[in-house]
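One structure below.
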Amino acid sequence: MNRIGVPRVQSLVSLRIIHRLRALERATRPEHPDLAAALARRWEELPESVRTPNQMLGRRIAGCEGTQGVFPACNLACTPCYHSREANRVRVDGDHTVAEVEAQMRLARELRGPSQHAQLIGGEVTLLGPEAHAAALEAMIRNGRKPMSMTHGDFDYDYLEALALDPETGRPRFRHLSFAGHFDSTMRGRRGIKRVRGEAELNPERKRFCAMFDRLRREHGIDSYLAHNMTVTPRNLDQIADVIRECRSYGFRMFSFQPAAFVGNPSRWKEEYRSFDDDDVWREVERGAGGRLHSRALQFGDPRCNRTAYGGFQGGRYWSLFDEDDPRELRVRDSFIAGFGGVDLDAPLPLAAARLARVAAREPRLVPRAVGFAGRLVGRMGGPGALLRKRPRAVTFAMHSFMDASVVRPAWEAIERGEAAEEPSVRAAQERLQACMYGMAHPEDGRMVPGCVQHSVLDPRQNARLAELLPLHDRGA
C-alpha cells in the first residue's frame, strides 16, 4: 500500500466510526425528535383546563388512534350500535382496507410521530381474511404504530393461527399481537349463544377467547396483550363487578368500560342510557377490583371522557401502581414525566437500557425517588414474601365515556367555524373534543379528527359513499 493509500484508509475508517457513533447516539436518544415535536404541538392544542400535572396527553403520548372507513360491517347485532344506519351496506374488501390503513397510518406518523398506539377497527376485524388482516397490521407497524385489533371475539383458533403465521414458511410473522375483545349482553348473534340474558352467560366465551392466545403462545411463542371491552347500560351496570371478579384470572390485561351513548343507529337505542353517570360505573368497577382505583394519578385527555387506573392483582389482592394521595408518589410521577416524556422502551434490552441510562442522567432525582417508590409498591402488593409466593399480574382498568351525537354535531360545527359555543353543554363538548385522546386520520384533508366526531358527524355520509364504492353484490378481495 502506498503512502497516499494509508491516510485514505484511515480516513474511511474514521468516517465509519463516526457514522456508527452518530447512529448509536440517535438510537439511544430517550425521545425520537419527531415524537418530541408532536408532543409539544399536542400540548399547545390542549385547553388550559386539562394542562394539569397528571396529564399524559402531550407529555407522554400524542394520543391513541383508530382506523376509519376501512370495513364498516359487523356480523353481530348490538343495542346500542355506534355504526350509522348506512353501515353494513358495504362489502369488506381486503385491498381497500390495506390501502386505506396505509394512507391513514402514514398521515398519523407524520402528525403524531412514531411509537403511538392505534386500533384496527371498523366493524369487525375478523371479517377480513387473515392475509388482509395481517397486511393491515404490517402497514400499521411499518408506519410506527403499535396496533391492536378490535373484535367481538367470535372467531376460531384456525383464524388466529393463519393471521399469526406466514403461510409459506409456517413461522411467526408477528412476535406480539394485541387484541381487544368486546363482550357484553347488549350483543346478539354469537355462534355459541345467540341471545344473552346476563353477563355471566358470556364468561365461557371470554375464557375461550383468552385460551386461544394462550395456545398461540405455547405452540408458536407469540405473546399477546388482551383487553376486555364492555358497553354499560342500565341492564348490566350491576353485573360489572361480577365480570371483573370472574374474568380477571383469564388473561385479560385491561378491562375497559364504555357507558352507552346516543350515537350511531337510533333504531338500536333501547334504553334510557343517561339514567346513571360515570361515577356509578366507576364504583362498580372498584367493587369488582376489590379496592380503590387511583384514577387521578395519571390523566389521559379530559377527565369527563377518560379514567384510567394502573395496578394489578397479587393473588386475590388488588394493588394500585400509584397512591394519588401520597405526595411522595406524585413527586415520582412528576419525575417520571420529566424524565421519560415520549421515551419508547419497547426495544431490545441493550437499547432500552441505554435509553434508561440517558433518562437517569437528565433527571437524576428519578433514581432515588424510584427506589422509595419501589419499596412502597412492594408493600401494596403484600410485601416481599407475597412476591416470592406468587407473581403479580398487572391489570389496567379504564372507562371511556362517549358523548351523544346531538351535542357533538353543534360543538364540532362551532369548532370548524372557529367559534366558542355559548350553550353550556355544547361548550363543554367543544372542550372535550379539543382534548380528545382518540383520533382518526383523514388523508384527504391532512388532519386527525376526534373519534366522537367520526361516529356522530362523519360516518353517515362516509358510509353512504362507501356503499357506492364497495357495493355488497360485488365480491371483495
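On the principal axes of its Cα set, how long, how wide and how thick is the stretch 44-194? Give whole Å, largest value first.
Principal axes ranked by extent give 48, 42, 26 Å for the Cα atoms.
Which residues in the stretch 265-282 have a backbone N closer than 20 Å to a point placed 7 Å from the Cα of SER406 along the Cα-to-Cβ line?
Label zone hits: 265-278.
Tell me which residues come under 5 Å, amide H to amide H, from VAL395 once H is placed; ignore anything under 5 positions away on its chain.
For VAL395, the qualifying residues are GLY311, GLY312, PHE313.
When only alpha-carbon atoms count, how far does the stretch 111-258 stretch along each of its three principal axes, as whole angstroms with the largest first?
Largest first, the stretch 111-258 extends 45, 37, 26 Å along its Cα principal axes.
Label point 7 Å out from ARG253 along Cα-to-Cβ: which residues of the stretch 377-400 have amide N under 18 Å?
Hits in the stretch 377-400 for ARG253 at 18 Å: 391-399.
Taking the Cα centre of the chain as origin, sum charge times position over the Cβ atoms of Lys and Arg (+1) and Asp and Glu (-1), and report the length of that vector in debye to the nearest 20.
2100 debye
Measuring from centroid to centroid over Cα atoms, what is the spacing of the stretch 70-135 and the stretch 387-426 in Å?
21 Å
Label-point separation (nm) for ALA374 and ALA352, each offset 7 Å from Cα along Cα-to-Cβ?
1.5 nm
Report, by chain and number, residues whose modeled amide H sits under 5 Å from the one on ALA118, excluding near sequence neighbours (fewer than 5 apart, same chain).
Amide H neighbours of ALA118: GLU65, LYS146, MET148.
Considering Cα pairs under 8 angstrom that are at least six residues apart, work out the relative contact order of the chain and quote it in whole percent.
22 percent
Can you run phi through the Karplus equation (6.51, -1.76, 1.60; θ = phi - 60°) for the stretch 328-337 and list ³J(HN,Hα) in whole Hz, with x for Gly and Pro?
Once rounded to whole Hz, the list reads 5, 5, 5, 5, 4, 4, 5, 5, 4, 5.
Suppose R0 equals 60 Å. What FRET efficiency, 1/(1 + (r/R0)^6) with r the Cβ-Cβ distance, do SER267 and SER49 give to the nearest 0.05?
That gives a FRET efficiency of 0.95.
Can you give me the orientation-averaged projected area of the convex hull built on the Cα atoms of the chain, in nm²?
Projected over every direction and averaged, the Cα hull of the chain covers 28.2 nm².
Which distance in nm do the two modelled labels at GLU219 and GLU168 give, with both placed 7 Å along the Cα-to-Cβ direction?
2.3 nm
At GLU201 and ASP158, where each label point lies 7 Å from the Cα along Cα→Cβ, what is the point-to-point distance in nanometres?
With each label point 7 Å from Cα toward Cβ, the separation is 2.7 nm.
What's the extension gain from GLU413 to ARG191 if we count 0.36 nm per residue and subtract their Cα-Cα distance?
75.8 nm
Under unit Cβ charges (Lys, Arg +1; Asp, Glu -1), what dipole magnitude, rounded to 20 debye, does the stretch 337-477 have relative to its Cα centre?
1420 debye
Apply 1/(1 + (r/R0)^6) to the Cβ-Cβ distance of ARG245 and ARG26, taking R0 = 51 Å, and write down the FRET efficiency to the nearest 0.05.
Result of the calculation: an efficiency of 0.60.
What order do you get for 383-393, 261-271 when each peptide is scored by the mean count of other beta carbon atoms within 10 Å, highest first?
261-271, 383-393
For the chain, what is the mean residue ellipticity at 222 nm derived from helices alone (per DSSP H run of n ≥ 4: -39500 (n - 2.57); sum divided by total residues; nearest 500 deg cm²/dmol)?
Dividing the helical sum by the residues of the chain leaves -13000 deg cm²/dmol.
Values in this text are rule-based calculations from the coordinates and carry no lab data. This structure is a prediction, so every number in the text was calculated from the model and none was measured. Cβ atoms come from the backbone with ideal geometry, glycine included; neighbour counts cover every protein chain shown.
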